[in-house]
Amino acid sequence: MDISGPAGRRVVAGAVVLLVAVMAAVGLAVLRDEPTPSGSTTPRPPVAVIAPSAGRVGVLPAVSSLAILRDWDRARAAAWRDADVARLRGLYVPGAPAGRADVAMLQRWSERGVRVEGMSMQVLSVVLRVSTSRRVVLVVTDRLVGAEAVRETTRTALPQDQPSTRRLDFRRWAGRWLLAVVQEIPSPVRSTDSTSGSSNS
């Protein structure tokens, strides 16, 4: 498929719009330690907040939850960059709807010979809802930045989207943290400048 002419550019543009829409619907965060693209405002660091429903959770579990999110997001970005369907599928709890949607999207892009590089989420806030040895639930507000659709020597930058908020439910599965459930939340979570604990409700 030649994407060098006007028709090809329309194909890539349509694919770009489709990817952004699906990422927003599936609600997957990708966090990388990369600078903000030029022309945008320098972001504040992600804010970790402990919600009342998390119980008496200290700073260490809150920091650990951010590490779980960061490591999972980096692994997903690498799977998309390498068009590795098996690796991507292995990041989700078996049968998870979000996993099936993510894998199906990667397969469609791979069939067109298109990869996605530089996937990164500008994380604005992270709220820790649940923290146990087997389960971590985070409410994350973020937006997609820096991603490019790549086919051979052609690169098409994906547009930066607006902030959105999602509830991410991670489960400990065979010694690894896998994503089980993604839930879209209509209203963004308010950021704060401090991290604190609270009693069980």
Query raised in the report: Could you list, in sequence order, the residues of region 107-164 that are of a type in the set (A, V, I, L, M), more than 25 Å from residue 177 (Cβ to Cβ) and modelled with pLDDT of 90 or more?
Result: 114, 149, 150, 157
Query raised in the report: Among the residues of region 152-168 satisfying the criterion of being among the polar types (S, T, N, Q) and under 27 Å from residue 112 (Cβ atoms), which is surrounded by the fewest Cβ atoms within 10 Å (Cβ to Cβ)?
Result: 153
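The values are calculated or read from the model by the stated rules, or taken from the named source; none is laboratory data. Computed from a prediction, not measured in an experiment: that's the story for all the values here. Counting neighbours? That spans all protein chains shown, and the Cβs are built from the backbone with ideal geometry, glycine included.
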